Each structure stands twice: as C-alpha cells, then as structure tokens.
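Each value in this text was obtained by applying a stated rule to the coordinates, not by laboratory testing. Here the structure is a predicted model, which is why all the values come from computation and not from measurement. So basically every Cβ, Gly included, is an ideal-geometry build from the backbone, and we count neighbours across all protein chains shown.
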Amino acid sequence: MAGLALQPGTALLCYSCKAQVSNEDCLQVENCTQLGEQCWTARILGLLTVISKGCSLNCVDDSQDYYVGKKNITCCDTDLCNASGAHALQPAAAILALLPALGLLLWGPGQL
C-alpha cells in the first residue's frame, strides 16, 4: 500500500467536502493524520449528483444500483488522489437509468 510508505510525520492530503452538487465545490484540502488512512469519494447519482470526499481508515470501494440512481465509493492512497471524484457513470447510462423514475414523477404509476 502506498499509504503506508509515507515518511514519518508526513500526513496524506485529501480533498474534503460534504454533500456538494459540483466537484468544483470539493477542493478544500484535509490532512489525514492517522497512519493507514485513505482518501475517499462518494458520489450519489440520481435526479441530482451529490459528492462527498475526505479521509477514512475504513474505506472500501463500492458501487450499488438503486431504482432511482447509483451510489459509487472509491478509495485511493496518494496525495490529492480524489481530485476528480468517483468513477463517473457514462452520461447515456445515467439518463437511461433515470427514465423510469422520471416517468413515475411525471405521469404516476397508473399511466406507465
């Protein structure tokens, strides 16, 4: 693990934010002070995309599909490695995944 190769007294640097709708709003830098911490990014894609980032001792890459969107968590262990956010869905796939939910919102379940 590259995170364990840090020099003594050197902290991992990660971008940090909570529940932002734009990656440009997630550029605050956080010092990860505990040995073994990783940078993480969580992206929830649905009607809106919500992004959170920070440091974690227990980061686990994860991806889950839901009826109205997707949750994606990525972890990395080099300075500022979480700059671009979690792996993005292809735009066409995201739109196709949301069409049934949009139909329910516009027409209701009886009209589909």
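Cβ-to-Cβ counts within 10 Å put 70, 18, 53 in ascending order as 18, 70, 53, the fewest first. Skipping prolines and chain starts, which residues have an amide H placed within reach, meaning under 5 Å, of the one on residue 63, given they are 5 or more residues away or on another chain? Placed amide hydrogens put 73 under 5 Å from residue 63.
Near residue 82, the amide H atoms lying under 5 Å from its own belong to 15; only residues 5 or more places off or on other chains count, and H is placed 1.01 Å from N. Each residue of segment 21-38 is assigned a 3J(HN,Hα), and the resulting list reads 9, 9, 5, 5, 8, 10, 10, 6, 9, 10, 8, 8, 8, 9, 4, x, 5, 10 Hz, derived from the Karplus form 6.51 cos²θ - 1.76 cosθ + 1.60 (θ = phi - 60°), x at Gly and Pro.
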